[in-house]
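The values are calculated or read from the model by the stated rules, or taken from the named source; none is laboratory data. Only a predicted model underlies this, so the values are computations on that prediction, with no experimental measurement involved. Cβ placement follows ideal geometry from the backbone for every residue including glycine, while neighbour counts extend to all protein chains displayed. When the accessible area is computed, the model is the full protein with side chains, heavy atoms only, and any ligands, DNA or RNA have been set aside. Shrake-Rupley method; radii C 1.70, N 1.55, O 1.52, S 1.80 Å.
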Amino acid sequence: WMLREKKKKSILMLKSLVLASVAALASASNPVLIVPGTGGNRLEAKLDKSGKQVHWYCSKKSDWYDLWLDVKQLVPGAIECWCENIKLVYDADTGTFSNAPGVETRVPCYGDVCGIEYLDMSIKAGDSAYFHDMIEAFVDKGYTRAEDIVSAPYDFRYSAVSNPD
């Protein structure tokens, strides 16, 4: 009997919390800032490499492209090229990390939500729709992307003390 009563109280508390959250969400007066977790936002890369590659078919030159995440780069054969492009290189003399030589990276969509809504822009479903449902819930309540619902994506490969930005 006591277990049943505790369960009822827990369910009632949970329902109250959900209703309070929905009520707060219904008021689009407070801006929302989303800071994604590790691996929770896109990274773009541009290549201008020289010298030997891990494989002959790995690109040496490219314009900006999605480095994280594009699942096509994670298939056998392509993944070795991806590993070379996403890795950080440690400089023991300065104690700092940097991109591999010939790789430039950037974090797209700072202040917008386009860098966190989908992780792989070619797959707009499943696990790739990282923050999509949450962002849509805010938009349905009157929020506007890049105005009062924004994000602060970052280069998650770096630790907090070694991030150059």
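Yes/no matrix, rows are residues, columns are (1) open to solvent by 60 Å² or more (accessible area, probe 1.4 Å); (2) not β-branched (Val, Ile, Thr):
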site: CYS58; (1), (2): no, yes
site: TRP64; (1), (2): yes, yes
site: THR105; (1), (2): no, no
site: PRO108; (1), (2): no, yes
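Screening THR94 against (1) over 30 Å from LYS124 (Cβ atoms); (2) modelled with pLDDT of 95 or more leaves a single unmet condition, (2). With the condition kept exactly as written, say whether any residue in the range 122-135 is in contact with a Leu (Cβ under 7 Å, 6 or more places away or on another chain), at pLDDT below 95 and open to solvent by 30 Å² or more (accessible area, probe 1.4 Å). Yes. Within the range 32-52, being in a strand (DSSP E or B) and not acidic (Asp, Glu) holds for VAL32, LEU33, ILE34, LEU43, ALA45, LYS46, LEU47.
Restricting LEU67, LEU74, LEU47 to those that are farther than 20 Å from ALA152 by Cα and touching a Ser or Thr at 6+ places or on another chain (Cβ under 7 Å) reduces the list to LEU47.
The requirement of being over 22 Å from ILE149 (Cβ atoms), open to solvent by less than 80 Å² (accessible area, probe 1.4 Å) and not aromatic (Phe, Trp, Tyr) is satisfied by CYS81. Considering the range 84-99, the residues that are in contact (Cβ under 8 Å) with a residue 40 or more places away in the chain and either open to solvent by less than 30 Å² (accessible area, probe 1.4 Å) or of a type in the set (Ser, Thr, Tyr) (or both) include one that is nearest to ASP133 (Cα to Cα), namely ILE86. Against the test of being outside any loop (DSSP other than H, G, I, E, B) and in contact (Cβ under 8 Å) with a residue 60 or more places away in the chain, the options PHE156, PHE138 yield a single qualifying residue, PHE138.
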